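First up is the structure itself, then whatever we jot down about it.
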Amino acid sequence: MDTIIQTLAIYAIPVIFAITLHEAAHGYVARHFGDPTAWQAGRITLNPIKHIDPIGTILVPILILLASKAAGAGILFGWAKPVPVDFGRLRRPKQDMLWVAAAGPAANLLMALGWALLLKLAILMPENDYRQPLGEMARIGISINTVLMLLNLLPLPPLDGGRIAVSLLPMPMAVKFARLEPYGFPILLLLLFTGLLDFWLLPLMGIFLSLIRAVFAF
C-alpha cells in the first residue's frame, strides 16, 4: 500500500499539469484570437482545480497506472474538462482554429522540454534523498506530455490534429471532414482496443524521446 501511495504521489504533479495546462493553453490562445469564452468562464488559469475532470484527470490515469504496474505495460493518458471555445467568435474562424488547436500540443511540448531539463538537473545533482524521486517525476513528466502531444495530433476530430486538418483543408473538404467529429471518440476507442493506437503512437514516441535524450545528453 505504501508503495502505491508513493507512486501516485510522484505521478500526480506531472499528470495533472500535463492534462490541465493543455486545456488552459487552448483558452489563452482563443482569447488572443478574439474568443473570450474560456476567459469569461474562468478557465484561463494555471490552477489545475479549474480543469480537473474526476474521470479523465484522476480515475482513468490511476486505473491505467495500476494496470500497467500489474501487466508491465500501458500508455498513460487522460483528459481534462474541455475549455469552451466558440470558433465563430474568432476573428478568422477557419484560419485561427489552427492556432487554438495547436496550442494544447505545443503546451505539452514545452512541458516535456521543461521536465527534460529537470531530469538533467536531477542526474547532475549530488546524491541525496530527493534525487531519485525528482528524477522519476521528471521521467513521468516527459512521458505523459509526449503521449498527450502525439495523441492529440492524431488527425481525427475532435482531437487537436483533427481541428488542425479542418483548418488547413479547402472549405468543401473541411466541411465533410468536420462531420466526423461525433464519431471521433468511438473511433479513438476502436483504435485503442485494436492496438492500432499503439501502432501510431509508439514509433513516434520512440523518435521523440530519442531526440530528447540526444538534446539533453541523458
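Readers should treat all values here as calculations from the given coordinates under stated rules, not as data from a laboratory. Because the structure is predicted, anything quoted here is derived from the model rather than measured. With ideal geometry, Cβ positions are generated from the backbone for all residues, glycine too; neighbour counts draw on all protein chains shown.
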Whole-number percent relative contact order across the chain, with pairs defined as alpha carbons under 8 Å at least 6 apart | 20 percent
Separation of region 81-131 and region 134-168 by C-alpha centroid, Å?
-> 9 Å
Would you mind calculating the gained length between F193 and N47 on full extension (0.36 nm times residue separation, minus the Cα-Cα distance), in nm to one decimal?
-> 49.3 nm
Mind checking region 141-206 for trypsin sites (Lys or Arg not before Pro) that DSSP puts in a loop (not H, G, I, E or B) and that have at most 15 other Cβ atoms within 10 Å?
-> R179
In µm²/s, what is D for the chain at 4 °C and 1.567 mPa s, where D = kT/(6 pi eta Rh) by Stokes-Einstein and Rh is the Kirkwood radius from Cα pairs?
-> 71 µm²/s
May I ask for the angle, rounded to the nearest 10°, between helix 93-124 and the longest principal axis of the chain, with both axes built from Cα atoms and the value confined to 0 to 90°?
-> 10 degrees
Hey, in the GNM for the chain with a 10 angstrom Cα cutoff, which one of A101, A174, A165 fluctuates hardest?
-> A174
